[in-house]
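Visitor: Below is one structure. I have some questions about it.
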Amino acid sequence: MTSKISTSKRIIKLVGKAIGDFSLVEDNDRILVALSGGKDSWSLLYSLLALEKRAPIHYEIRAVTIAPDPNTAYLKKMADRLDSDGIPYKFIFCDISSIVSKHLTKGTNPCSFCSRIRRGILYSFASSEGWNKIALGHHLDDFVETQLLNLFFNGSIKGMSPKLAADDGKNMIIRPLVYVREENTARMAEEMGLPVVDCGCIFQRTVDSKRLWVKQLLTNIEKEVPSVKNSILSSMGRVYNRHLLNFVKKTEDGH
Ligand code: SF4
C-alpha cells in the first residue's frame with residue numbers, strides 16, 4: 001500500500017469521525033454535495049460516497065455544480081468523471097461572476113458576495129427538489145482561519161459550524177471536512193486522479209488580504225507550535241462561558 005492511498009483512507013476516516021461526532025448524516029438523508037470542481041469538494045464527494053457504501057444507514061447523494069453556461073469548458077471533464085463512476089449530478093447554470101461584477105460594492109469581498117449568491121441558489125434548488133442537507137467542502141484550515149478572522153477583526157468569538165441550520169429554516173448545511181487539513185485534500189485529489197478544474201473566474205486572483213495575513217500568521221506559528229491548528233479547532237468545542245464576558249445587559253448587537 002502506498003502512502004498516497006493511506007491519505008485518502010485517512011480522509012475518509014476523518015469524515016466518518018466528523019459524521020459521528022456531530023451527527024451530520026442520518027438515515028434517509030438526501031444530501032446535495034456542492035461540487036465546485038476544486039480539490040476540496042471532490043474529496044468531500046468521494047469520501048461521502050465511500051462511507052455510504054459501508055454505512056449501516058441509507059443516504060442519497062447528488063453532486064451539484066453551478067457554472068456560467070452549458071459551454072463552460074471544465075464541465076466536460078467533470079461530467080466525464082461523474083458519468084464514469086455513475087455518480088448522479090446536476091449542473092445549474094448561472095453566471096455568478098457577472099452578477100458579482102455588476103453589483104459589487106466598495107469594500108465587499110467578491111468571493112464572500114459570490115458565496116452568498118451561490119448559497120441562495122443551492123438552498124432554493126435543495127428545497128424545490130426535496131434535498132434536506134447541503135454538504136460544503138470547508139476544511140479544518142477554513143474553520144481555524146475563520147475563527148481567527150472574527151477574533152482579530154470582528155471582535156467576536158464566532159467560527160464555522162460543522163452543522164448549521166440555514167436562516168430560512170428549511171436547509172441544513174453540513175461540513176464533513178472539519179477534521180481534514182487542506183494539504184491532504186490536494187493529495188487525495190491527486191491520488192484518485194480527480195479532475196480538479198479551474199473555474200476561470202476573473203476574481204480568482206483577488207487577494208483577501210486579511211485571510212492571507214491570517215494564513216501566513218498560522219504558517220509562522222506552526223513552525224514553533226505544530227499542533228496550533230488542531231488546538232484552535234479543539235477550542236471551538238471547549239467554550240467556558242463562565243470565564244468569558246457575561247454582560248448583565250445585552251450589548252448593542254444583541255449578544
Ligand atoms: S473566485 Fe470567483 S467563483 Fe470563486 S468564490 Fe471568488 S467570485 Fe466566486
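Visitor: Enumerate the pairs (first residue in the stretch 182-210 and of a type in the set (Ser, Thr, Tyr); second residue anywhere and within 16 Å of the ligand (Cβ to nearest atom) and in a loop (DSSP other than H, G, I, E, B)) with beta-carbon separation below 9 Å, excluding pairs fewer than 6 apart on the same chain, so at least 6 apart or on different chains.
Guide: Once the first residue is of a type in the set (Ser, Thr, Tyr) and sits in the stretch 182-210, its partners that are within 16 Å of the ligand (Cβ to nearest atom) and in a loop (DSSP other than H, G, I, E, B) give THR185/GLY38; THR185/GLY137; THR185/HIS139; THR206/ASN109.
Visitor: Determine whether GLY120 is within 14 Å of the ligand (Cβ to nearest atom), closer than 23 Å to LEU177 by Cβ and modelled with pLDDT of 95 or more.
Guide: no
Visitor: Restricted to the stretch 193-231, and to residues that are within 16 Å of the ligand (Cβ to nearest atom) and small (Gly, Ala, Ser), which residue is modelled with the highest pLDDT?
Guide: Per the criteria, the residue is SER209.
Visitor: List pairs: first residue in the stretch 21-40 and in contact (Cβ under 8 Å) with a residue 24 or more places away in the chain and on the phi > 0 side of the Ramachandran plot, second residue within 16 Å of the ligand (Cβ to nearest atom) and not in a strand (DSSP E or B) anywhere in the structure, Cβ distance under 9 angstrom, at least six positions apart or on different chains.
Guide: These pairs meet every condition: GLY37/TYR74; GLY37/LEU75; GLY37/MET78; GLY37/VAL196; GLY37/VAL197; GLY37/ASP198; GLY37/CYS199.
Visitor: Here's another thing I want to ask about it. May I ask you to say which residue of MET236, MET160, MET192, MET172 is in contact with a strand residue (DSSP E or B) (Cβ under 6 Å, 6 or more places away or on another chain) and aliphatic (A, V, I, L, M)?
Guide: Only one candidate passes the filter, namely MET172.
The values are calculated or read from the model by the stated rules, or taken from the named source; none is laboratory data. No experiment lies behind these values; they were computed from the predicted model shown. A quick note on method: Cβ atoms are made from the backbone with ideal geometry, for glycine too, and the neighbour counts reach across all protein chains shown.
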